[in-house]
1. Within the stretch 59-72, track down each residue that is loosely packed, with under 12 Cβ neighbours inside 10 Å and at pLDDT below 95.
2. Run Tyr56 past the list (1) in a strand (DSSP E or B); (2) hydroxyl-bearing (Ser, Thr, Tyr); (3) surrounded by fewer than 18 Cβ atoms within 10 Å (Cβ to Cβ) and report the number of the one that doesn't hold.
3. Looking at (1) within 22 Å of Lys4 (Cα to Cα); (2) modelled with pLDDT under 95; (3) of a type outside the set (Ser, Thr, Tyr); (4) not in a strand (DSSP E or B), which is the one condition that is false for Asp25?
4. Is it true that Ser75 is without any contact (Cβ under 8 Å) to a residue 40 or more places away in the chain and among the small types (Gly, Ala, Ser)?
5. Does the stretch 85-100 hold any residues that are open to solvent by less than 20 Å² (accessible area, probe 1.4 Å) and touching a residue at least 60 places away in the same chain (Cβ under 8 Å), and which are they?
6. If you go through the stretch 24-45 one residue at a time, do you hit one that is within 10 Å of the chain's Cα centre (by Cα), open to solvent by 90 Å² or more (accessible area, probe 1.4 Å) and among the hydrophobic types (A, V, I, L, M, F, W, C)?
7. Go through the residues of the stretch 38-47 one by one and say whether even a single one is closer than 18 Å to Thr91 by Cβ and assigned to a loop (DSSP other than H, G, I, E, B).
8. When the residues of the stretch 1-22 are narrowed to those that are part of a helix (DSSP H, G or I) and open to solvent by 100 Å² or more (accessible area, probe 1.4 Å), which ends up farthest from Glu85 (Cα to Cα)?
Amino acid sequence: MESKKISKRQWQKYFDNFSLKYLQDEQPEYIEIQVLSEDMGAQHEINWTPLKGITYDPKSDILEIQIDKLDHLISHPKEIYVNEEENDWLTGMMVVRGDGEKSIIDIR
């Protein structure tokens, strides 16, 4: 598994392609999200919930993670690092916001 940084200009296409390729079948994928901040430390936000899609809107500068019954929004992401398997399956990622807060996302 390789970890790599995705450039901001690629975010929309990258996540749209992932969602279309892997999240449209009958087999559910699950996601866990932890938020790390200097003020609060590590906090679990989402604990192994069905993942419906991931998309980035460049106009509003929001990364949207669509999960069962709600969405998790990350405003103004600055950097995104992904962990992929050889077949481009996304196993996890780290999203860094401008204020330094980090979202650690695991997918299975």
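1. Hits for the stretch 59-72 are Lys69, Leu70.
2. (3)
3. Here Asp25 clears every test but (1).
4. Values: without any contact (Cβ under 8 Å) to a residue 40 or more places away in the chain: yes; among the small types (Gly, Ala, Ser): yes.
Judged against the criteria, Ser75 is a match.
5. Leu90, the sole residue that qualifies.
6. no
7. Looking through the stretch 38-47, none of the residues is closer than 18 Å to Thr91 by Cβ and assigned to a loop (DSSP other than H, G, I, E, B).
8. Arg9
The values are calculated or read from the model by the stated rules, or taken from the named source; none is laboratory data. Everything numeric in this text was worked out from a predicted model, so none of it was measured. Cβ atoms come from the backbone with ideal geometry, glycine included; neighbour counts cover every protein chain shown. Ligands, DNA and RNA are stripped out before the accessible areas are found, and what is left, the full protein with its side chains, is counted by its heavy atoms. Shrake-Rupley method; radii C 1.70, N 1.55, O 1.52, S 1.80 Å.
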